[in-house]
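Every number here is computed from the coordinates shown, using simple stated rules; none is lab data. Bear in mind that the values here come from a model prediction, so they are computed numbers and not experimental data. Every residue, glycine among them, receives a Cβ derived from its backbone with ideal geometry; neighbour counts consider all protein chains shown.
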Amino acid sequence: MTKAYFFPRLIAYFIDMLIIIIIAGAVSFVIPSNKNVEMLNKELKSLQNEFLQKEIEEQEFLDRGKILVYESDYANSAGIIIQVITIILYFIVFQFYNNGQTFGKKLVGIKVINNDGGKLTFNSMVYRSLIVNSIFVSFINLCCLVFMKSETYYYLSAATQMVNGIIFLIIIVMVLFKKNGRGIHDVISGTKVVMVK
């Protein structure tokens, strides 16, 4: 089978993320919203503007920012949980039972298969999604949000997001430049993405 090239994979990922946003948004719409989220986000934007306009010093920006980011994420924790559950159901469960294809993958004509040509396993889909769909990072952030103080949460959240960004860059480089087109998530999970004939 022919490997799936980078751009069909990227297009499929964008389509799938759009579907995730729509589903998670629809589910979140049914759940009563926390009015504090909007207020805290406005306050955070205002704080950023004050800092950019040089109305406040860096230390004040950091001190107030840590608390606002923590409170905003805490107020939005139900939304974060809904998004993680939606990603798990879509990228792990649905993709597994749909023979390695999401709607995005089906539209661009690609699918996930086991690297050795054997049957795709549920565990492979879990390992793959923990990495490429940031489920592991989201879980760590939720645990930090619940069990840690605002300052610790702020720095650990920033660190996990940075690690997540580095992993994404490694995936992109590997998919673009490795002959077999397998990203780190494919290597760890024993999968590859191929064109469907």
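Specify the angular offset, from 0 to 90 degrees and rounded to the nearest 10, of the alpha carbon long axis of helix 77-87 from the longest principal axis of the alpha carbons in the chain.
Computed tilt is about 10 degrees.
Give the distance, in whole Å, between the Cα centre of the range 4-46 and the Cα centre of the range 75-90.
10
Stick to the Cα atoms of the range 28-73, pair each with every other, and give me the Kirkwood hydrodynamic radius in Å at one decimal.
Over the range 28-73, the inverse of the mean reciprocal pair distance is 11.4 Å.
Tell me the mean residue ellipticity at 222 nm calculated for the chain from its helices only (DSSP H runs of n ≥ 4, each -39500 (n - 2.57), averaged over every residue, nearest 500).
-22500 deg cm²/dmol, from helical runs alone.
Scan the chain and report its longest stretch carrying no GluC sites (Glu not before Pro) that are both in a DSSP loop and have at most 12 other Cβ atoms within 10 Å.
58-197
Can you give the angle from 0 to 90° between the axis of helix 35-52 and the longest principal axis of the chain, with both taken from C-alpha atoms, to the nearest 10?
80
Cα atoms only: what Rg and Dmax, in Å, come out for the range 76-197?
Cα radius of gyration and Dmax of the range 76-197 are 15.8, 52 Å respectively.
Reported to two decimal places, what Rg/Rh ratio describes the range 95-148 when computed on Cα atoms with Rh from the Kirkwood expression?
1.13
Can you count the Lys pairs in the range 51-197 with C-alpha separation below 24 Å, eight or more apart or on different chains?
Going through the range 51-197 pair by pair, I get 25.
Relative to the longest principal axis of the C-alpha atoms of the chain, give the angle of the C-alpha long axis of helix 135-147, reported between 0 and 90° and rounded to the nearest 10°.
30
Where is the GNM fluctuation largest for the chain (alpha-carbon springs, 10 angstrom cutoff): Asn164, Asn41, Asn49?
Looking only at Asn164, Asn41, Asn49, the biggest GNM fluctuation is shown by Asn49.
Just to be sure I understand: with springs between alpha-carbon atoms less than 10 Å apart, which residue in Leu89, Leu107, Leu52 has the highest mean-square fluctuation in the Gaussian network model of the chain?
With Cα springs under 10 Å in the chain, the top fluctuation among Leu89, Leu107, Leu52 is at Leu52.
What net charge do the residues around Ile87 carry, taking every other residue with its C-beta under 13 Å from that of Ile87, with Lys and Arg at +1 and Asp and Glu at -1?
0
In units of 2.2 N^0.38 Å, what is the alpha-carbon radius of gyration of the range 1-125?
1.47
Using 16 Å as the cut-off for backbone N distance, which residues of the range 97-125 belong to the label zone defined by a point 7 Å from the Cα of Ile85 along Cα→Cβ?
Correct set: none at all.
Note down the relative contact order for the range 51-197 as a percent, whole number, built from C-alpha pairs under 8 angstrom at least six residues apart.
Computed value for the range 51-197: 28 percent relative contact order.
Please find, in a Gaussian network model of the chain (springs between Cα atoms separated by less than 10 Å), the residue of Gln161, Gln101, Gln53 whose mean-square fluctuation is greatest.
Gln53
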